[in-house]
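Worksheet: one structure, shown below.
The values are calculated or read from the model by the stated rules, or taken from the named source; none is laboratory data. Since the structure is predicted, the reported quantities are computational estimates derived from the model, not experimental observations. Backbone-built Cβ (ideal geometry, glycine too); neighbour counts: all protein chains shown. Remember, those area values only see protein heavy atoms, side chains included, never the ligands or the DNA or RNA. Shrake-Rupley method; radii C 1.70, N 1.55, O 1.52, S 1.80 Å.
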Amino acid sequence: MDWLQLFFLHPVSLYQGAAFPFALLFNYLCTMDSFSTPARYLFLLAGGGALAWAAMGSFAVLVLIPALCAGVLISSLGPRDVHRWAFFFQMSWQTLCHLGLHYTEYYLQERPSMRFCITLSSLMLLTQRVTSLSLDLCEGKVKAEARGIRGRSSVLEHLWKTLPYFSYLIFFPALLGGSLCSFQRFQARVQGSSSLGPRRSVWALTRMGLQILGLECLKVVLRKVVGAGAGLTDCRQLQCIRVMWSTAELFKLTYYSCWILDDALLHAAGFGPEFGQSPAGEGYVPDADIWTLETTHRISLFTRKWNQSTAGWLRRLIYQHGRARPLLQTFAFSAWWHGLHPGQVFGFLCWALMVEADYLIHTFANLSIRSWPMQLLYRTVTWAHTQLIIAYIMLAVEVRSLSSLWLLCNSYNSVFPMVYCVLLFLLAKRKHKLT
């Protein structure tokens, strides 16, 4: 199972770990009055450039070029035009890079370079920051520092005024991972003093380290279970359900571990939850709410809590501006943002249908089920069904070959989303009759 090996051997965690001393150094320097605000911006900017070259090699230009162009667009265009042009440029650039990955995987039938995969991941995060900042400017949440070069202003002065933008787009704690940090929060952090005392910082990082250690131990145990049993290619009937669930749990543990590590790096640099809220009232949103994700019986709640900052970004960017079927538009854009691999297109569209069904099913159940024993039975059954549907979607999104996707769709696992599709059809028809 090469795609599993590719997933687990991803070296981003090594580079994130290497950035920890510099994040702690930045947080410490922020306690000194001599460490001026421009110096802080330059430190984060230089750190982002150095980390990009270390992790991506020559592919770093695929991140640095759009960051530079986005900074120029943001500092040059007016509030009415900046989001449209920034969105168009950034998604066009990212799509071209994803097409290069498609060409390597599907046409040349070669495994892509790991540095190129890291670059694409960083580019997706850059798209989040670019569009978040352009929306802030468009909505008036951020006041533009400069709009072009006017009068006697020199190019150097113009670049100096736009330094916060460039620093925000590639600041090293969020270059390779981490929850989305708004520009207001970033700016408030850089212009403020250090938010953590040494003891609080050490305790918080130790707690995160223990969480990562526990997750990695669970991964070792679960990986042995997955490796010892049959795979999707040779499983039979109901055995495929166990294979799907255990493999998906392995993916989820990996995501949880990476998200906590990313949050720890942001925390070490002073961008964690202890810093409080930005002036606009936007607080820190962690990506991993493990308890809710593993215990919820609602797919819609799982969707909002899975990779929370990205879910919030998609809601703001697409869902809130969608006129017709905003939910479907959001998941379709998510598939585009992720790269439009066949499994991703199928998985995200299936996910959209499951969320639609979830709303109707639970609305109907809340009106119909009264006794607490039936409510307990209902929650138990829907919890198991939710976890199995999420496992199905996760495997569909993660597989890279059409043959693996076909094996998944042709297995007993397809029964679980099909049940929700049937209920969606019946309940939607019933709702239409009542209205």
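Kindly indicate whether Arg400 is in contact with a helix residue (DSSP H, G or I) (Cβ under 8 Å, 6 or more places away or on another chain), in the same structural domain as Trp245 (by the TED database) and not in a helix (DSSP H, G or I). Spelling it out, Arg400 is indeed in contact with a helix residue (DSSP H, G or I) (Cβ under 8 Å, 6 or more places away or on another chain), in the same structural domain as Trp245 (by the TED database) and not in a helix (DSSP H, G or I). Exactly one residue out of Ser309, Ser334 is closer than 29 Å to His83 by Cα and touching a Phe, Trp or Tyr at 6+ places or on another chain (Cβ under 6 Å): that is Ser334.
Among the residues of the range 213-235, what is the count of those that are without any contact (Cβ under 8 Å) to a residue 12 or more places away in the chain and assigned to a helix (DSSP H, G or I)? Of the residues in that region, 8 qualify.
Taking the condition assigned to a helix (DSSP H, G or I), hydroxyl-bearing (Ser, Thr, Tyr) and surrounded by fewer than 20 Cβ atoms within 10 Å (Cβ to Cβ), does Tyr392 pass? Walk me through how you get there before you give the answer.
Details: assigned to a helix (DSSP H, G or I): yes; hydroxyl-bearing (Ser, Thr, Tyr): yes; surrounded by fewer than 20 Cβ atoms within 10 Å (Cβ to Cβ): no.
So Tyr392 does not fit the description; no.
Summed over the range 308-339, residues that are open to solvent by 60 Å² or more (accessible area, probe 1.4 Å) and on the phi > 0 side of the Ramachandran plot total 1.
In the range 22-36, what count of residues is obtained for those that are over 20 Å from Ala60 (Cα atoms) and either in contact (Cβ under 8 Å) with a residue 60 or more places away in the chain or under 24 Å from the mean Cα position of the chain (by Cα) (or both)? Let's see the steps before the verdict.
Step one: filter the range 22-36 for residues over 20 Å from Ala60 (Cα atoms), giving 23-36.
Going one step further and asking which of them are either in contact (Cβ under 8 Å) with a residue 60 or more places away in the chain or under 24 Å from the mean Cα position of the chain (by Cα) (or both), we end up with 23-24, 26-28, 30-31.
Result for the range 22-36: 7.
At pLDDT 85 or above and under 22 Å from the mean Cα position of the chain (by Cα), is that true of Gly49?
Working: at pLDDT 85 or above: yes; under 22 Å from the mean Cα position of the chain (by Cα): yes.
Criteria met by Gly49.
Look at the range 227-242 and say how many of its residues are in contact with a Ser or Thr (Cβ under 9 Å, 6 or more places away or on another chain) and surrounded by 12 or more Cβ atoms within 10 Å (Cβ to Cβ).
Of the residues in that region, 6 qualify.
Candidates in the range 395-435 are the residues that are within 28 Å of the chain's Cα centre (by Cα) and small (Gly, Ala, Ser); of these, the one that is surrounded by the most Cβ atoms within 10 Å (Cβ to Cβ) is Ala396.
Of all the listed residues (Glu110, Glu105), the sole one being surrounded by 14 or more Cβ atoms within 10 Å (Cβ to Cβ) and modelled with pLDDT under 90 is Glu105.
Taking every residue in the range 345-373 that is in contact (Cβ under 8 Å) with a residue 12 or more places away in the chain and pairing it with any residue that is among the acidic types (Asp, Glu), at least 6 positions away or on another chain, the pairs with Cβ-Cβ distances below 9 Å are Gly347/Glu398. The set of residues from the range 90-102 being open to solvent by 30 Å² or more (accessible area, probe 1.4 Å), within 23 Å of Leu317 (Cβ to Cβ) and of a type outside the set (A, V, I, L, M, F, W, C) comprises Ser92, Thr95.
Out of the residues in the range 113-139 meeting the condition of being small (Gly, Ala, Ser) and either within 14 Å of the chain's Cα centre (by Cα) or not in a helix (DSSP H, G or I) (or both), tell me which one is surrounded by the fewest Cβ atoms within 10 Å (Cβ to Cβ).
Ser113
I need a count of the residues in the range 256-266 that are within 14 Å of Leu175 (Cα to Cα) and either modelled with pLDDT of 95 or more or in contact with a Pro (Cβ under 9 Å, 6 or more places away or on another chain) (or both). Explain how you work it out, then say what you get.
Here is the first cut: in the range 256-266, the residues within 14 Å of Leu175 (Cα to Cα) are 258-259, 261-266.
Checking the rest, the ones that are also either modelled with pLDDT of 95 or more or in contact with a Pro (Cβ under 9 Å, 6 or more places away or on another chain) (or both) come to 259, 262-263, 265-266.
Matching residues across the range 256-266 total 5.
No other residue among Lys219, Lys305, Lys224 is under 30 Å from Trp203 (Cβ atoms) and open to solvent by 50 Å² or more (accessible area, probe 1.4 Å) apart from Lys305.
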